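Inspection log for the structure reproduced underneath, given as structure tokens.
What follows is calculated from the coordinates using simple rules that are stated; it is not laboratory data. Since this is a predicted model, take the numbers as computed values, not measurements. Neighbour counts run over all protein chains shown; Cβ positions are idealised from the backbone, glycine included.
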Amino acid sequence: MDLDRIKEVLRTFAEAEAHGVSPLYEHLALQAAADDDVAGLLASARDGEVRATLLMATAHRLVQADPIHPLSRYYPSLGGFDGVDSETWPLFRSFLLERAEKARALISSRYTQTNEVRRAALLYPGVARAAKEAGGKVSLLEVGCSAGLLLGLDRFGYRYQCDGGEQLTAGPAKTPVGLHCALDLAPGAVAPKLPKKLSLLDRAGLDRAPVDLSDEDELAWLEACVWADQPDRIRLLRTAAAEQAKHRPRLIAGDGVDDLASAASTLEGPLVVVTSHALAYFTADRRAEFVSTLASLAASRPLWWVSEEFYGAGLEPVLPGRSDLAGDGLATLGVVRWEDGKAEAHALARTAPHGQRMTWLPL
């Protein structure tokens with residue numbers, strides 16, 4: 001990718017994703033978009049992996065390794081308290097360019113691998129609906145699982161804060177991982193009825209490069225992929241990682257399309273395939289092949305797809321014409337099943353990218 005396109009990627013990230021969410025990353029990405037040397041570091045990324053988040057994660061990892069550097073005072077994840085000021089960008093720029101070779105090595109060998117634990121609160125209602133339709137226990141397969149933390153969603157506790165003060169709860173009463181999610185109702189919508197627990201037959205994750213959380217360097221990279229001025233997300237990741245160590249899921253290294261059928265064959269019973277902000281990393285052709293593979297698998301076994309993706313990357317092929325689900329920075333939670341080869345798709349909610357809020361839709 002040429003430098004101008006890399007700069008546009010950085011600028012778009014700052015304006016469309018970081019704005020209003022991460023003052024630090026908005027500032028750094030905007031400045032990087034105007035800096036040939038810093039933006040040029042992303043030229044080392046693999047094909048299809050030129051992302052602003054990869055540059056930010058690389059810098060975050062390097063600051064982790066040098067926590068006494070003055071730049072760390074802008075990183076709340078490392079105990080910093082300073083907000084963005086006139087020194088932030090000059091410090092960031094010099095820090096990164098002084099470590100340009102290390103930065104290029106990370107950028108050329110790593111993927112942006114977030115494992116946003118709070119998204120489990122978004123997925124839970126979708127998986128619960130699929131399990132109810134299945135009439136019993138289901139097996140869970142997450143495509144694009146990273147470290148597989150979302151595979152523990154049946155062991156997390158959930159509190160959904162509704163308008164008017166009502167609160168919906170689900171999951172075990174005593175659990176180290178408690179998730180909170182604001183739940184709004186769109187006009188005409190009725191709050192979902194959530195089961196207190198989910199019963200799973202089995203679970204597995206499929207990822208091109210699964211993260212082994214027993215490896216300290218891998219865990220550090222996963223933490224580095226979390227935005228540095230959102231330390232609560234890192235604390236939650238660490239808590240979920242500690243809980244996962246007691247119940248390690250099976251993680252399969254493979255392609256989300258080519259190895260999907262093979263991974264599915266290792267799980268018994270009705271199958272729920274889950275994707276959460278994974279399909280945006282696929283090309284449009286590969287997304288179409290993914291849906292086609294799901295349809296083929298559904299011809300021989302009960303299968304549901306719980307999709308928590310941006311509309312264009314997720315539900316659009318099986319639920320076309322829903323412009324109300326596109327744009328505004330929100331993803332869509334949906335459940336899809338196949339009957340006689342035909343997809344039956346339902347959009348359940350609009351969802352915030354990091355699991356902090358969802359708006360339930362009329363069914």
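Around D184, which amide H atoms from residues at least 5 apart in sequence, or from another chain, sit under 5 Å from its own amide H, with H modelled in the peptide plane?
Amide H neighbours of D184: M358, T359, W360.
Using the Karplus curve 6.51 cos²θ - 1.76 cosθ + 1.60 with θ = phi - 60°, work out ³J(HN,Hα) for each residue of segment 161-178 in order, rounded to whole Hz, and write x for Gly and Pro.
Going residue by residue, I get 8, 9, 4, x, x, 5, 10, 9, 10, 7, x, x, 5, 10, 7, x, 10, x Hz, with x marking Gly and Pro.
Using 1/(1 + (r/R0)^6) with R0 = 22 angstrom and r between the beta carbons of M1 and S292, what's the FRET efficiency to the nearest 0.05? Intermediate values should be presented prior to the final figure.
Values: r = 28 Å, r/R0 = 1.29.
Efficiency at R0 = 22 Å is approximately 0.20.
Amide H of R203 versus every other amide H placed in the peptide plane: which residues, excluding those fewer than 5 positions away on the same chain, fall under 5 Å?
Answer set, sorted by chain and number: L140.
Note down the relative contact order for the chain as a percent, whole number, built from C-alpha pairs under 8 angstrom at least six residues apart.
Numbers: 684 pairs, mean separation 63.8, N = 363.
Worked out over the chain, it gives 18 percent.
Tabulate in residue order the Karplus-calculated ³J(HN,Hα) for segment 331-346, using 6.51 cos²θ - 1.76 cosθ + 1.60 with θ = phi - 60°, rounded to whole Hz; enter x for Gly and Pro.
Karplus values, whole Hz, x for Gly and Pro: 8, 10, 8, x, 10, 10, 9, 10, 10, 6, x, 9, 6, 10, 10, 9.
Relative to the longest principal axis of the C-alpha atoms of the chain, give the angle of the C-alpha long axis of helix 23-32, reported between 0 and 90° and rounded to the nearest 10°.
Approximately 60 degrees, to the nearest 10.
Please work out the ratio of the alpha-carbon Rg of segment 1-131 to 2.2 N^0.38 Å and round it to two decimals.
Values: Rg = 16.1 Å, N = 131, 2.2 N^0.38 = 14.0 Å.
It is 1.14.
If you take the charge dipole of segment 160-203 about its Cα centre, with +1 on Lys and Arg Cβ and -1 on Asp and Glu Cβ, which of L200, L168, A189 is farthest toward its positive end?
Result: L200.
Go ahead and collect, in residue order, the members of segment 281-322 whose backbone nitrogen is under 14 Å from a label point 7 Å along the Cα-Cβ direction of E133.
Answer for this model: 295, 298-299, 301-308, 315, 318-319.
Taking one equal scatterer on every alpha-carbon of the chain, how large is log10 of I(q)/I(0) by Debye at q = 0.14 1/Å?
Evaluating at q = 0.14 Å⁻¹ gives log10 I(q)/I(0) of -1.22.
Looking at the chain, which longest stretch skips every one of the trypsin sites (Lys or Arg not before Pro) that is in a DSSP loop with at most 14 other Cβ atoms within 10 Å, leaving the sites themselves out? Present the calculation step by step, with values, prior to reporting the outcome.
Details: sites that count: R46, K137, K174, K193, K196, K197, R208, K246, R322.
Within the chain, the longest run free of exposed trypsin sites (Lys or Arg not before Pro) spans 47-136.
Can you pull the three principal axis extents for the Cα set of segment 174-277, in Å, largest first?
43, 39, 28
With no solvent and one equal point scatterer per Cα, compute the Debye intensity ratio I(q)/I(0) for segment 271-363 at 0.19 Å⁻¹ and report its log10, rounded to two decimals.
Log10 of I(q)/I(0), two decimals: -0.85.
On each of the three principal axes of the Cα atoms of segment 205-256, give max minus min coordinate, whole Å, ordered largest first.
Sorted largest first, the three principal extents are 32, 24, 18 Å.
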